[in-house]
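Take a look at the structure below.
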Amino acid sequence: METKKSTHPVKTLRLILGDQLNGNHSWFKTMDDSVTYVLMEVRTETDYVWHHIQKVAGFFAAMQNFAKELRNQNHDVFYIYLNDENNLQSFDKNISALIEKHQFNHFEYLLPDEYRVDQNLRKYVESLSISHQVYDTEHFFAKREELGNFFKGKKAFLMESFYRYMRKKHHILMQSEDEPLTGQWNYDGDNRKKLPAKHKATTPLIFNNDVSQIVAEIRKTDIKTIGIIDPENFLWPVNRKQALTLLEFFVHECLPLFGTYQDAMTPHEWSLYHSRISFAMNTKMLSPLEAIDRATDEWKNRQTEISFNQLEGFVRQIIGWREYMRGIYWLKMPEFKSYNFLDHQNKLPDWYWTGKTRMNCLKHAILQSLNFAYAHHIQRLMITGNFALLAGVHPDAVDQWYLGIYIDALQWVEITNTRGMSQFADGGIIGTKPYVSSATYIDKMSLYCNSCYYNKSKKTGEKACPFNSLYWNFYDRHQAKLAKNPRIGMMYNIWNKMQPEARTELLKQAAYYLKNVDQL
Ligand code: FAD
Ligand code: DLZ
Ligand code: SF4
C-alpha cells in the first residue's frame, strides 16, 4: 500500500469490475460513509473483441443488479451507464474524473482476473497522486501464485497432481488427511458415456429476464456483437438469487447424471446435464465453494440416486480444472498469449461466425453457440476446437472467437483452455498431447454423424468426412514436433505402416478440404 499523509478525512473510491460481483466480499460487511463504490460500462471492455450480444447484455444486467443490491444495503454507489454523457469509456479515465469531481483522496480496487486489466490498473495507480490499495476478490481457492509454487522445479504441470493437492488442502471429499473418500481419486473412466438414442435429458431451467433496455442502449452504439438474443426473455442468471436458483436446479435435476454424460453430445439438446453456472461463477455472483458444498450435501442426502462419480466429476471441474487454469494463466502470462508451438497460420473458416457448414457436428455446435452463447466442454474441445486445430488456424483467431462467443468467456479461463488445452499452442504445458480426433471419436460420443451430409466412415472420395483426412494430415505435417511424444508415437507407427498410395490419397483429400475450407 502506498500512503500519502493528508490532513483531510479519508474519502475512498472503490472500483468493482464486471466480473467482481461478490456480495459476500468483506468490503461489504461493514457500512462506511467515507466509501463510495463505482461500476462502469465502458468501451474498453465491450470492444476488445466481438462479444456475443448475450455476453454484453448479461454482464451489464448483472452489474446493474449488483449496484441495486448494494444501494439497497445503503452503500453509496456510482453506476456509469454505457451512454451516459459523462462516460469517458475507460476505467482509468472515469476513475480520474470521479476523483477530481468528488475529491476522493484514497482509491481501492480488487485484483483483476485478466492480465490486461491488471497491468492497466497497476500502471494507473502508480500514476495517482492519492493513496491506493488492492484487495483479493475472496473468490478462488488458490492464490494467483500458488500453482507456480506447487510445481516449482517440476517439468510437467499435471492437473491431476494439483487437483489432489487442492482436495487435500481444502479437505474436500476426503476421509483423512491423505485418503480420498471411497479410496479412489479419479472417476474419468465412468464419465464417458454416449447418450442413448431415445434418451430425453432434463429440460434446462432458463430465466425470463427483461434486458430490452440494455440491448436498446447497446444497439444505439457502434459496438460490434455476434449471436442473437431474445431481450425480453434473457435466459442467463443476472443476480445472486437466480445464480443460486440455477445451482439448486443443477443439484436436483442434473447432478445424478452429470458425470455419466458430461462428454456426450447431441443435436437435440444444448446443455444436457451440465450446470451452466460458469457465467454466475465467473462474475462471482456464485462462489466455487458454495457450488461444491451444495453438490456434496445433495449427494450425501441422495446417495442411492447419485453415485459418487457424478459428484467427483463436478468437484474435479471446479477445484481441479478451474483453479488449475487460473494458476497456469498467472504463471505463464504474458508469454502464453503469443504461444504458437505448431506454427499455425491459417484463417478461421467464415462459417464459424454463421454455422453455415454441411458438417453436422460443427453446424450444431456453432449454431447453438450463436443462439445461447453456450456450448459445453466437449463441444468446445472436440468439435470447434478439434476442427480449428486440424485446419491449422492461427491461435490468435481461435482465441478471438472463443473469447467473444461464450457468456462465460474471460481471458484467464478462455485462453488457457483454447490456446493451451484445445490448440496445443503451448507445446504441452496443459495437455500432454493434442486433442485431435477423426470422425470415430465424434461418432462414439455424439448423435451428430448419422444425419450428416458427410460420411463418417469414408476417409477419401466424395462426401468423405473432413475430420478423417485432416486428422492424418495433422499428424503428417507435425511429425517433426510430435513423433517423439510417447503418448503419440503409436499414431506414427500406424501412419508409417499405411500403404504409400493410401497416405497420398489421404493427404490429397486433406489438401483439397483445406483449400476449400470455407465451402465445407
Ligand atoms: P459444467 O460442465 O457444468 O462444469 C462445472 C464448472 O466447472 C463450470 O461452470 C466451470 O466453472 C468449471 N469447468 C469445467 N471445465 C473447465 C475447464 N476446462 N476449465 C475451467 N473451468 C472448467 N470456461 C469458462 O468458464 N470460460 C471460458 O471462456 C472457457 N473457454 C473454453 C474454451 C475451450 C476451447 C474449452 C475446451 C473450454 C473452455 N471453458 C471455458 C471450459 C468449459 O468448457 C466451461 O467452463 C463449461 O463448458 C461451462 O459450462 P458449465 O457451467 O455448464 O460447466
Ligand atoms: C465482459 C465485460 C464487458 C462486455 N463489459 C464490461 C464493462 O463494461 N465493464 C466492466 O467492468 N466489465 C465488463 N466486462 C467484464 C470485464 O471484461 C472484466 O471485468 C475485466 O476484464 C476483468 O477481468
Ligand atoms: Fe462431423 Fe464428420 Fe460426423 Fe459429419 S460425419 S457429423 S462432419 S464427424
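Of all accessible surface on the chain at a 1.4 Å probe, what whole percent is carbon and sulfur?
51 percent
In square angstrom, rounded to the nearest 10, how much accessible surface does Lys224 have for a 1.4 Å probe?
Surface open to solvent at Lys224 totals about 100 Å².
Going Cα to Cα from Lys444, which aspartates and glutamates come in below 19 Å? Please leave out same-chain ones fewer than 8 positions away.
Lys444 reaches Asp188, Asp190, Asp263, Glu269.
Can you pull out the GluC sites (Glu not before Pro) in the range 448-520 that DSSP calls coil and that have at most 14 other Cβ atoms within 10 Å?
Glu462
Could you work out how far helix 91-102 tilts from the main Cα principal axis of the chain, as a 0 to 90 degree angle to the nearest 10?
10 degrees
Would you mind counting up the charge near Asn94? Only other residues with Cβ under 13 Å from its Cβ, with Lys and Arg at +1 and Asp and Glu at -1.
My count for the surroundings of Asn94 gives -3.
Would you mind checking Lys481/Lys515; Lys11/Lys101; Lys198/Lys459; Lys463/Lys508; Lys29/Lys284; Lys68/Lys220 for any pair whose Cα atoms are more than 18 angstrom apart?
Listed pairs above 18 Å: Lys481/Lys515; Lys198/Lys459; Lys68/Lys220.
Hey, what's the range 172-280 come to in accessible area per residue, 1.4 Å probe, Å²? Working shown, then result.
On the way: 5080 Å² over 109 residues.
The answer is 47 Å² per residue.
By its C-alpha gyration tensor, with a ≥ b ≥ c as the square roots of the eigenvalues, how is the range 119-228 shaped: rounded for a/c under 1.5, else prolate for a/b larger than b/c, else oblate?
Oblate.
Among the aspartates and glutamates, which fall within straight-line cross-link reach of Lys332, defined as a Cα-Cα distance under 12 Å, with same-chain neighbours fewer than 8 residues apart omitted?
The reachable aspartates and glutamates, counting only those whose Cα sits under 12 Å from Lys332, are Glu145, Asp426.
Ranking request for peptides 16-28, 72-84, 411-423: highest mean number of other beta-carbon atoms within 10 Å first, then the rest in descending order.
Those peptides, ordered most packed to least, come out 411-423, 16-28, 72-84.
For the range 205-219, in order, what is each residue's ³J(HN,Hα) by Karplus, 6.51 cos²θ - 1.76 cosθ + 1.60 with θ = phi - 60°, in whole Hz (x at glycine and Pro)?
My calculation for the range 205-219 gives 6, 10, 9, 10, 6, 8, 10, 5, 4, 5, 5, 4, 5, 5, 5 Hz in order.
Around Asp32, with a cut-off of 13 angstrom between Cβ atoms, what is the net charge of the other residues, counting Lys and Arg +1 and Asp and Glu -1? Walk me through the numbers on the way to the answer.
Values: positive: Lys11, Arg14, Lys29; negative: Asp33, Asp76, Glu108.
Taking every other residue near Asp32 into account, the sum is 0.
Per residue, what accessible area does the range 26-169 have, given a 1.4 Å probe and all protein chains present, in Å²?
47 Å²
Would you mind classifying the range 291-382 by shape? Square roots of the alpha carbon gyration tensor eigenvalues, ordered a ≥ b ≥ c; an a/c under 1.5 is rounded, otherwise it is prolate if a/b is larger than b/c and oblate if not.
oblate
Can you pull the accessible area of Ile99 for me, 1.4 Å probe, Å² to the nearest 10?
20 Å²
Sort the range 138-179 into rounded, prolate or oblate with this rule: let a ≥ b ≥ c be the square roots of the eigenvalues of the Cα gyration tensor; rounded if a/c is under 1.5, and if a/c is not under 1.5, prolate when a/b is larger than b/c, oblate otherwise. Each step should come with its number before you reach the end.
Numbers: a/c = 2.58, a/b = 1.32, b/c = 1.96.
Taking the square roots of the gyration eigenvalues as a ≥ b ≥ c, the range 138-179 is oblate.
What figure in square angstrom, to the nearest 10, would you give for the accessible area of Asp92 with a 1.4 Å probe?
Accessible area of Asp92: about 60 Å².
The values are calculated or read from the model by the stated rules, or taken from the named source; none is laboratory data. Every value quoted in this text rests on a predicted model; they were computed, and no experiment measured them. Glycine also receives a Cβ, built like all others from the backbone with ideal geometry; neighbour counts cover every protein chain displayed. The protein model used for the area step is the full one, side chains on, heavy atoms only, and it has no ligands, DNA or RNA in it. Shrake-Rupley method; radii C 1.70, N 1.55, O 1.52, S 1.80 Å.
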